[in-house]
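Student: Before I ask anything, here is the structure I am working with.
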Amino acid sequence: MAISRPRGTGDILPGEIHKWHYLEDTFREVCREYKYEEIRTPIFEHTELFERGVGDTTDIVEKEMYTFLDRGKRSITLRPEGTAAAVRAYLENKLSAGPQPVKLYYTGPMFRYDRPQAGRFRQFHQVGVEVFGSRDPGLDAEVMAMAMDYYARLGLKELELRINSVGCPQCRPVLGERLLEFFRPSLEELCTNCQGRYQRNPLRILDCKSSRCGELSVGAPTTLDCLCNGCAGHFAKVKGYLDLLNISYSVDSRLVRGLDYYTHTAFEIMATDIGAQSSIGGGGRYDGLMEACGGPPTPGIGYALGMERIILTMESQGIAFPEQRLIDAFVVSVDPGAEMKAFEIVFMLRKNGLGADKDHMGRSLKAQMKYAGKLNPRYTVLLGSDELARGTAGLKDMASGVQEEVPLSGLVQRIKG
RNA sequence: GUGGGUGUAGCUCAGAUGGUUAGAGCACCAGAUUGUGGCUCUGGGGGCCGUGGGUUCGAGUCCCAUCAUCCACCCCA
């Protein structure tokens with residue numbers, strides 16, 4: 001093989017594309033019902049957008065971005081996530097001038113230079129939403145409910161919704177101080193990662209997966225211990241709305257979204273049985289992000305769901321994807337003399353809105369039938385010299401095997417009927 | 001970035017201790033008395049045994065390197 005695909009990427013082949021269509025179609029349907037409108041932003045942006053919009057101390061920006069200089073010596077980055085670009089577009093196109101809130105959705109590929117493993121790729125696909133312009137806790141609940149609704153429509157079971165509140169610029173520093181105090185005695189024992197976090201963002205120590213750090217952080221103050229009245233009230237309302245909708249969730253006070261401008265609600269949806277990368281979606285509120293990107297103070301909340309991981313979960317749960325029939329009719333020429341007529345009939349069927357095809361490999365009658373059997377059309381249309389002479393065609397129902405002779409003039413009607 | 005597993009046909013995999021023309025199943029193609037699919041049977045095409053080096057009379061098999069892939073850490077979707 002001369003050239004292979006780049007590491008961590010994948011070809012979505014015709015045999016599985018129906019899964020992606022199903023996910024996308026279902027998502028669009030949900031978005032329509034929830035009144036979210038699609039936005040399509042570039043796949044690449046100025047690197048600076050992500051440095052500011054994702055945070056330059058995050059792993060994503062520090063080591064996972066596909067960044068390059070274009071021919072004009074501009075630093076360009078393939079988008080690693082969708083929120084920053086949506087924020088940029090909202091500001092750049094003055095969507096703030098229209099009615100608020102602005103509810104957007106997007107779908108498409110994202111890029112991160114990670115080591116590939118089960119459920120993790122360098123090019124992967126997300127569907128996501130962002131709501132700009134309102135701090136209503138009802139919207140926090142809405143986006144979570146929407147994500148769960150989407151999963152449910154796909155047939156996913158046994159998902160776990162974890163939620164937390166990470167506070168706001170007023171109460172976060174209080175927590176930060178208390179965390180520094182708490183970990184100061186055991187600073188040397190923390191993993192090297194967390195020693196760095198201690199300096200930059202002690203909140204994330206709570207999130208560390210290392211068992212050592214886990215032990216050390218037992219009894220540590222959590223975000224929930226330090227919420228100010230406003231944040232605690234917001235969180236209580238979010239939970240109230242979720243309860244109202246009978247959406248089950250667990251409060252996970254260790255769930256942290258690391259960026260400074262993330263505020264209030266953070267959530268994550270976990271699946272089982274798809275390997276170590278079990279998060280199939282996550283999101284949160286980011287009331288500080290617009291300002292970080294140079295805009296006026298504007299609240300926002302959103303989520304992103306990983307399509308590959310959703311498909312993995314569906315497959316591991318044995319959920320069937322609706323498969324659409326490739327064609328309605330396959331036209332077979334019984335003898336070479338009928339070849340031209342078969343070609344004509346195929347186009348006639350297509351012009352009438354039917355999916356149709358014929359052999360293009362010079363196959364024998366038997367082989368044409370065999371091929372038709374694989375394409376699984378509802379009908380096979382058989383044309384031979386006898387039929388030609390009578391102006392008819394054999395119409396064979398492939399499921400039942402029953403064949404009848406119908407006049408060409410009534411073929412479309414008969415197939416549609 | 002770190003660690004482990006695996007690279008033989010389109011796919012899933014056999015190929016003890018190195019030894020003739022590298023096999024199977026599935027898939028693909030053709031045929032089973034000449035105008036009909038699914039089942040069955042017969043036959044056929046297809047392999048620089050990931051790549052490069054080394055050891056050896058001889059390497060798919062042993063050694064080294066490299067690349068790819070899978071899994072895990074980290075992080076995330």
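Read-outs throughout are calculated quantities, based only on the coordinates presented, and are distinct from any laboratory measurement. The shown structure was predicted, so the numbers you read here are calculated from the model rather than taken from an experiment. Neighbour counts are summed over all protein chains in view; Cβ atoms, including those assigned to glycine, are modelled from backbone coordinates with ideal geometry.
Student: Which of A:Met110, A:Gly128, A:Pro99 sits farthest toward the positive end of the charge dipole of segment A:88-168, with +1 on the Cβ of Lys and Arg and -1 on the Cβ of Asp and Glu?
Tutor: Checking the options against the dipole of segment A:88-168, the answer is A:Met110.
Student: In addition: Out of the GluC sites (Glu not before Pro) in segment A:329-417, which ones are loop residues according to DSSP with at most 12 other C-beta atoms within 10 Å?
Tutor: Values: sites: A:Glu339, A:Glu344, A:Glu387, A:Glu404, A:Glu405; in loops: none.
Of the GluC sites (Glu not before Pro), not one in the loops of segment A:329-417 has a Cβ with at most 12 other Cβ atoms within 10 Å.
Student: Where the centroid of each part is defined by its Cα atoms, how far is segment A:365-384 from segment A:157-226 in Å?
Tutor: 64 Å
Student: Another one. Can you find, among A:Gly82, A:Ile269, A:Ser217, the residue farthest towards the positive end of the dipole of chain A? Put +1 on the C-beta of Lys and Arg, -1 on that of Asp and Glu.
Tutor: Most positive-ward Cα: A:Gly82.
Student: How big is the Cα convex hull of segment A:33-92 in projection, averaged over all directions, in nm²? Kindly include the intermediate steps, with their values, before the conclusion.
Tutor: Numbers: hull surface 19.9 nm².
That works out to 5.0 nm².
Student: If you don't mind, there's one more thing I want to ask. For segment A:329-416, state the semi-axes of the equivalent ellipsoid (square roots of 5 times the eigenvalues of the alpha-carbon gyration tensor), sorted largest first and rounded to whole angstrom. Present the calculation step by step, with values, prior to reporting the outcome.
Tutor: On the way: eigenvalues 52, 46, 33 Å².
Square roots of five times the eigenvalues give 16, 15, 13 Å.
Student: I would also like to ask the following. In segment A:10-78, which GluC sites (Glu not before Pro) fall in coil by DSSP and have 14 or fewer other Cβ atoms within 10 Å?
Tutor: A:Glu16
Student: While we're on this one: Would you work out the relative contact order for segment A:242-301, in percent, from Cα pairs under 8 angstrom that are 6 or more residues apart?
Tutor: About 26 percent, as a whole number.
Student: Mind checking which of A:Gly373, A:Ala342, A:Leu354 is farthest towards the positive end of segment A:294-382's charge dipole, using Cβ charges of +1 (Lys, Arg) and -1 (Asp, Glu) about the Cα centre?
Tutor: Positive-most Cα among the choices belongs to A:Ala342.
Student: With only alpha-carbon pairs counted, each pair once and no self-pairs, how large is the Kirkwood hydrodynamic radius of segment A:18-126 in angstroms? Could you put the intermediate results ahead of the total?
Tutor: Working: mean 1/r = 0.0649 Å⁻¹.
Every distinct Cα pair counted, the radius reaches 15.4 Å.
Student: Also: Semi-axes, largest first, in whole Å: what does sqrt of 5 times each Cα gyration tensor eigenvalue give for chain A? Display every interim value, and only then the final one.
Tutor: On the way: eigenvalues 593, 99, 90 Å².
Output for chain A: semi-axes of 54, 22, 21 Å.
Student: Treating only the Cβ of Lys, Arg, Asp and Glu as charged (+1, +1, -1, -1), what charge dipole size does chain A show about its Cα centre? Round to the nearest 20 debye.
Tutor: The dipole of chain A has a size of about 600 debye.
Student: Turning to a different aspect of this structure: Sequence gap at least 6, Cα distance under 8 Å: using those rules, report the relative contact order of segment A:23-135 to the nearest whole percent.
Tutor: 27 percent
Student: Please figure out what share of the DSSP beta bridges in chain A is antiparallel and state it in percent, rounded to the nearest 5.
Tutor: Taking every DSSP beta bridge within chain A, about 80 percent pair in antiparallel fashion.
Student: Among DSSP bridges having both ends in segment A:253-381, what percentage is antiparallel? Round to the nearest 5.
Tutor: Values: 11 of 17 bridges.
So the antiparallel bridges amount to about 65 percent of the total.
Student: Any idea what the relative contact order of segment A:329-416 is, in percent, if you count C-alpha pairs under 8 Å spaced at least 6 apart?
Tutor: Here the relative contact order equals 31 percent.
Student: Filter the trypsin sites (Lys or Arg not before Pro) in segment A:49-133 to those in DSSP coil with at most 10 other Cβ atoms within 10 Å of their Cβ, and list the result.
Tutor: Details: sites: A:Arg52, A:Lys63, A:Arg71, A:Lys73, A:Arg74, A:Arg88, A:Lys94, A:Lys103, A:Arg112, A:Arg120, A:Arg122; in loops: A:Arg71, A:Lys73, A:Arg74, A:Lys94, A:Arg112, A:Arg122.
In loop regions of segment A:49-133 (DSSP not H, G, I, E or B), the sparsely surrounded trypsin sites (Lys or Arg not before Pro) are A:Arg71, A:Lys73, A:Lys94.
Student: Sum up the charges of everything whose Cβ sits under 13 Å from the Cβ of A:Lys35, counting Lys and Arg as +1 and Asp and Glu as -1, but leave A:Lys35 out.
Tutor: -2
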